[in-house]
Amino acid sequence: MIDRRNLLAAGAAAATALILPVRAAKAQNYPSVEEVLFDPQIPVIGNPQGDVTIVEFFDYQCPYCKRGHPDLVEVVRADTKVRLVMKDWPIFGAPSVHAASLVLAAGEAYESAHMALMATKARLSREEIDRTLQDAGHDPERLLARSRQDAARIDGILARNMDQANAFGFRGTPSFLFNTAIHYGAMSRQAIVDAIAQARSG
């Protein structure tokens, strides 16, 4: 781990973008720490003032994302000093975009809607997404209307997430950042705990 003023030697050159200061990042068309970890338009799970930020690039249809999500959330809740930022990267097609749009439109009910879809087991159709949200106490038609009204914000989030994932050379979901450290692929509970400890000690 290194601080945000130094470059991260991470294989792909674009991966160094994360830890550039804002001005340098803008000059080189790379995302900065602030843009990646502290996007004010993306809801936070866990402690908003946490000393470690976990970012997961995920898709609601990704089986590996969903399989590991309970462990991730349990670790975050047990630690109490971790911010969890879920970055929708809808690479599995139109249903994934639909799911991301509805959940990002849920406002204060974001976490409930998010957890409902992450608890599903398989690839999802638009109808299955709507039914899952409805069963969890949400009105999918109302969420759809909100997502259309808030399209500029939601489309902007999804575009930024895509640009960042491409900048870091991610090849699929899940992909993680623990503060400025990049982790590719699914992680076990212990790997998450270890990555948090490493981020905190750095």
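Observations, loosely collected:
- FRET efficiency, 1/(1 + (r/R0)^6) with R0 25 Å, evaluated for Glu34 and Thr80 via beta carbons: 0.60
- Here's the list of aspartates and glutamates a cross-link from Lys66 could span, going by alpha-carbon distance under 12 Å and ignoring same-chain residues fewer than 8 apart: Glu56.
- Alpha-carbon spread of the chain, three principal axes, descending order, Å: 46, 36, 29
- Carbon and sulfur %, accessible surface of the chain computed with the full protein complex present, 1.4 Å: 51
- Tensor-based shape of the range 58-116 (alpha-carbon gyration tensor, a/c under 1.5 rounded, otherwise prolate or oblate): oblate
- The charge dipole of the chain, taken about its Cα centre with unit charges on the Cβ atoms of Lys, Arg (+1), Asp and Glu (-1) only, comes to about 380 debye.
- Relative to one another, the C-alpha centroids of the range 46-85 and the range 89-146 are positioned 18 Å apart.
- Solvent exposure of the chain, expressed per residue, is 48 Å² of accessible area, with all protein chains present and a 1.4 angstrom probe.
- R0 of 45 Å, Cβ-Cβ distance Ala151-Arg200: FRET efficiency to nearest 0.05: 0.75
- Here the label points at Arg126 and Glu141, each 7 Å from Cα along the C-beta direction, are separated by 1.5 nm in the simple model.
The values are calculated or read from the model by the stated rules, or taken from the named source; none is laboratory data. Here the structure is a predicted model, which means the values were calculated and not measured. Here Cβ is always computed from backbone atoms with ideal geometry, including for glycine, and neighbour counts include all displayed protein chains. We work out accessible area using only protein heavy atoms, side chains counted, and drop any ligands, DNA or RNA first. Shrake-Rupley method; radii C 1.70, N 1.55, O 1.52, S 1.80 Å.
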